[in-house]
Amino acid sequence: MQERSGHLCGYAAHWNIHKFKAPKVWTDKNRAIIAGACNDDNYLQMTVDEVVDNLEDLTVWTHKSIKKAISDALTKVHKAIRIAFEPTDVNRPLVYLMIGARLDAWKATLIKTLSDHLKTGHT
């Protein structure tokens with residue numbers, strides 16, 4: 001996985017969140033681009049690593065299979081966060097991702113996470 005430098009203008013501001021590190025962009029070679037923001041770089045990297053690992057295991061790239069891969073990664077990371085932080089802790093990490101992927105049918109899909117929820121759309 002190669003990290004790319006850059007900014008996604010207004011990504012963290014979209015959710016009116018402060019204390020976020022500069023957003024980062026990753027690619028899983030040529031099928032997906034992952035943009036993320038988090039108030040903890042370690043949990044952001046953990047989330048991206050889990051997503052990339054799950055995407056690399058896919059044999060069929062459909063909107064449904066990509067969404068499941070992302071959901072499984074988020075579940076694993078959020079379990080780790082719940083163990084380490086109380087629900088009311090103001091320092092509890094919040095992870096936000098936007099994943100664009102090319103499906104097997106040569107269509108595109110965009111999946112956005114809102115901490116532990118997915119919002120999706122595809123063309």
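Here are the numbers for the structure shown:
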| item | result |
| --- | --- |
| Residues Asn42 and Thr88, FRET efficiency given R0 of 22 Å [Cβ-Cβ distance, rounded to 0.05] | 0.60 |
| Trypsin sites (Lys or Arg not before Pro) restricted to DSSP loop in segment 32-123 with at most 13 other C-beta within 10 Å | Lys107 |
| Whole-Hz ³J(HN,Hα) from phi, Karplus 6.51 cos²θ - 1.76 cosθ + 1.60, for segment 99-109, glycine and proline x | 10, x, 9, 9, 7, 4, 7, 6, 9, 10, 9 |
| Estimated vicinal HN-Hα couplings, Hz - segment 38-45 in sequence order (Karplus 6.51, -1.76, 1.60; Gly, Pro = x) | 6, 8, 8, 4, 5, 6, 5, 5 |
| Long-range HN-HN contacts of Asn39 with modeled amide H, under 5 Å | Leu94 |
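Just so you know, all these numbers are worked out from the coordinates, no wet-lab data involved. The model shown is predicted, which means the values in this text are computed figures rather than measured ones. Every residue, glycine among them, receives a Cβ derived from its backbone with ideal geometry; neighbour counts consider all protein chains shown.
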